[in-house]
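Written out below as structure tokens is the structure these notes cover.
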Amino acid sequence: MSMQKFFLFLSVFIFVSFNKLNGQQINKNILKAEDAVVGASRLELYLSTLEDMNVGVVANQTSIFNDTHLVDTLLSHGINITKIFTPEHGFRGTADEGASINNSVDERTQLPIISLYGNNKKPEEAQLHDIDILIFDLQDVGTRFYTYISTMTYVMEAAAENDIPLIVLDRPNPNGFYVDGPVLEKENKSFVGMHQVPVVYGLTIGEYAMMVNGEYWLSDSLQCDLTVVPMSKYKRNSIYELPVKPSPNLPNWEAVYLYPSLCFFEGTIVSVGRGTEFPFQVYGHPMMTDDFVFTPRQSEGRRAPLLCGEECHGEDLTEYAHNYKRNENQINLSWIINAYNQLKNEKFFNNFFIKLSGTEKLQQQIEQGMTEEEIRATWQDDLDNYMKIRDKYLIY
């Protein structure tokens, strides 16, 4: 090789390596959610719209700013809230995953609370008859199978069908710094995956609402009268540590960071640490041989977790999370492949796995012994097509 070609090669290598590090690792930092000015706190952009209106609020325990709940803030400004709608886990965010939630009354404000989970995922016309405008404020975690975006979709449909304007107050996506995973196939649509997006879709919840509306993804190709109140000071390629648990089993930033990879285990016989002090930070099974040991336990008022009372062997992924700057920005399939290879003589997968992955192919690929790299390569065309759609709705 001539010296000229050598230096050209070296320059390209340094440029590519630097950009990879700069884009995927160096700029990836952990920020407090308070470092971004969330949409809810920008009252000057939406409060006047709510005046003299009967307002319905879609909210839960994450709907706070300046240590005050959105509902309390709106009431303190004289806004007439007629009812509260709440998603999976309830208004206070204490209900288990999948647990039924009944309609109730908020003790503090005496406002009626309507559950949007279980048999009533979409607001009914009768529940909206005394509402002039809806306001939506939930903290998402940026994964397709996290049900708050499904709740938002149904709220958008109900708003469109009843000619009610909807305001979405934007919040940081703690996993918004990358896009990855298989894209949902239409035939596998469910409440844990309603749209043809990858598992990690790289949009804030406000941007996601714009995409659903703009791509006519609501039923009957409806569009709602949508306003997104944007954040300021939001940095997309950062991990955000949330001030409030978005749900009971995502207690810290490590669990939220690991969730896109570990949630696949919810469709298997493997525990992800539910019933321990570190849910979604470990995985294991009694018949695995890895070094880390934990035992899921049932806590008072909660249903028994998977493998309750059984000593599980697996991996503690806390250190992996803490090495986030050196990790690739992608779903990690090595953990589920490792578990499958140890337990493949058992009935490893259940029917929920296809709903979570959004495709039958991932289970088949793992069962066929494909490597992580080979599996990931099959996602690329769909991801490229999705990115073209996504680009149209980026605010930040």
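Please treat every number below as a calculation from the coordinates, not as lab data. All figures in this text were calculated on a predicted structure; none of them were measured in a lab. Quick reminder, even Gly has a Cβ in these numbers, built from the backbone with ideal geometry, and neighbours come from all protein chains shown.
Most fluctuating residue of GLU107, GLU124, GLU311 in a GNM of the chain with Cα springs under 10 Å: which is it?
Among GLU107, GLU124, GLU311, the largest mean-square fluctuation in the Gaussian network model of the chain belongs to GLU107.
Can you list the lysines whose alpha carbon sits under 20 Å from that of LYS347, skipping same-chain ones fewer than 8 residues off?
LYS355, LYS361
Rg (Å, one decimal) plus Dmax (Å, integer) for the alpha carbons of the stretch 252-386?
Cα only, the stretch 252-386: 15.1, 47 Å (Rg, Dmax).
Report the charge-dipole magnitude of the chain in Debye, nearest 20, computed about the Cα centre from +1 at each Lys and Arg Cβ and -1 at each Asp and Glu Cβ. Provide the component values of the computation, followed by the final result.
Working: 32 positive and 52 negative charges, 183 e Å.
The dipole of the chain has a size of about 880 debye.
Any idea what the dipole of the stretch 159-306 comes to, in debye rounded to 20, about its Cα centre with Lys/Arg Cβ at +1 and Asp/Glu Cβ at -1?
Working: 11 positive and 17 negative charges, 83 e Å.
About 400 debye.
Under a Cβ-Cβ cut-off of 13 Å, what is the net charge of the residues other than ALA40 that fall near it, where Lys and Arg count +1 and Asp and Glu count -1?
Numbers: positive: ARG42, ARG171; negative: GLU34, GLU44, ASP67, ASP72, ASP137, ASP170.
Neighbour charge sum, excluding ALA40 itself: -4.
List the trypsin sites (Lys or Arg not before Pro) within the stretch 144-236 that DSSP assigns to loop and that have no more than 12 neighbouring Cβ atoms inside 10 Å.
Details: sites: ARG144, LYS186, LYS189, LYS233, LYS235, ARG236; in loops: ARG144, LYS189, LYS233, LYS235, ARG236.
Answer by residue number: LYS233.
In a Gaussian network model over the chain where Cα atoms closer than 10 Å are linked, find which of TYR46, TYR148, TYR259 has the largest mean-square fluctuation.
TYR46
Efficiency by 1/(1 + (r/R0)^6): what FRET value for GLU373 and SER104, r their Cβ-Cβ distance, R0 = 41 Å, to the nearest 0.05? Could the numbers behind the result be given before it?
Values: r = 49 Å, r/R0 = 1.20.
So, using R0 = 41 Å, E works out to roughly 0.25.
Using only alpha carbon pairs under 8 Å that are at least six residues apart, calculate the relative contact order of the chain and give it in whole percent.
Numbers: 766 pairs, mean separation 66.6, N = 396.
Relative contact order for the chain comes out at 17 percent.
What are the lysines whose alpha-carbon lies under 18 Å from the alpha-carbon of LYS122, with same-chain residues fewer than 8 places away excluded?
Cα-Cα hits under 18 Å: LYS83, LYS189.
Around ILE269, with a cut-off of 10 angstrom between Cβ atoms, what is the net charge of the other residues, counting Lys and Arg +1 and Asp and Glu -1? Present the calculation step by step, with values, prior to reporting the outcome.
Details: positive: LYS347; negative: GLU346.
Charge balance in the 10 Å sphere: 0.
Calculate the FRET efficiency for ASP163 and ASN66 from the Cβ-Cβ distance with a Förster distance of 45 Å, rounded to the nearest 0.05.
Details: r = 33 Å, r/R0 = 0.74.
Given R0 = 45 Å and the Cβ-Cβ separation, E is 0.85.
If you take the charge dipole of the chain about its Cα centre, with +1 on Lys and Arg Cβ and -1 on Asp and Glu Cβ, which of LEU218, PHE145, VAL71 is farthest toward its positive end?
After comparing all options, I get PHE145.
Taking the chain as a Gaussian network, where each spring joins two C-alpha atoms under 10 Å apart, which residue of ALA377, ALA160, ALA255 fluctuates the most?
ALA377
Quick check: pseudo-label points 7 Å beyond the Cα along Cα→Cβ at THR295 and LEU383, how many nm apart are they?
Between THR295 and LEU383, the simple spin-label model gives 4.1 nm.
Among the chymotrypsin sites (Phe, Trp or Tyr not before Pro) within the stretch 192-299, which fall in a DSSP loop and have no more than 11 other Cβ atoms within 10 Å of their own Cβ?
Working: sites: TYR201, TYR208, TYR216, TRP217, TYR234, TYR240, TRP253, TYR257, PHE264, PHE265, PHE280, TYR283, PHE292, PHE294; in loops: TYR201, TYR216, TRP217, TYR234, PHE280.
Answer in residue order: TYR216.
For LYS28, which lysines qualify as cross-link partners when the Cα separation must be under 18 Å and same-chain residues fewer than eight apart are set aside?
Reachable lysines: LYS20, LYS233, LYS235, LYS325.
Using the alpha carbons of the stretch 99-169, what is the convex hull volume per residue in cubic angstrom, as a whole number? Each step should come with its number before you reach the end.
Working: hull volume 8.3 nm³, N = 71.
Taking the convex hull of the Cα positions in the stretch 99-169, it is 118 Å³ per residue.
Which value, in debye to the nearest 20, gives the size of the charge dipole of the stretch 278-367 about its Cα centre, when Lys and Arg are +1 and Asp and Glu are -1 at the Cβ? Please report the intermediate quantities before stating the final value.
Values: 9 positive and 12 negative charges, 78 e Å.
Using Cβ point charges on Lys, Arg, Asp and Glu, the stretch 278-367 gives about 380 debye.
In deg cm²/dmol and to the nearest 500, what is the mean residue ellipticity at 222 nm of the chain if only DSSP H runs of at least 4 residues count, each as -39500 (n - 2.57), divided by the residue total? Walk me through the numbers on the way to the answer.
Numbers: 12 runs with 110 residues, N = 396.
It comes out at -8000 deg cm²/dmol, rounded to the nearest 500.
With a cut-off of at most 13 other beta carbons within 10 Å, and DSSP calling the residue loop, which GluC sites (Glu not before Pro) in the stretch 43-95 qualify? Please list them. Spell out each step's value before the answer.
Numbers: sites: GLU44, GLU51, GLU88; in loops: GLU51, GLU88.
Hits after loop and neighbour filter: GLU51.
Any chance you could list P(r) for the chain, counting all Cα-Cα pairs in 10 angstrom bins from zero, rounded to whole %?
5, 22, 31, 25, 12, 4, 1, 0
What distance in nm separates the two pseudo spin-label positions at HIS129 and ASN350, each 7 Å out from Cα along the beta-carbon direction?
Reported label-point gap for HIS129 and ASN350 is 4.0 nm.
So what's the net charge close to SER238: Lys and Arg +1, Asp and Glu -1, counting the other residues with Cβ under 14 Å from its Cβ? All intermediate terms of the calculation are to be shown ahead of the outcome.
Numbers: positive: LYS28, LYS32, ARG171, LYS233, LYS235, ARG236, LYS325; negative: GLU34, ASP35, GLU241.
Computed value for this residue: +4.
Once the stretch 150-207 is represented by equal point scatterers at the alpha-carbon sites, with solvent omitted, what log10 I(q)/I(0) does the Debye formula produce at q = 0.15, 0.28, 0.31 Å⁻¹?
-0.55, -1.16, -1.20
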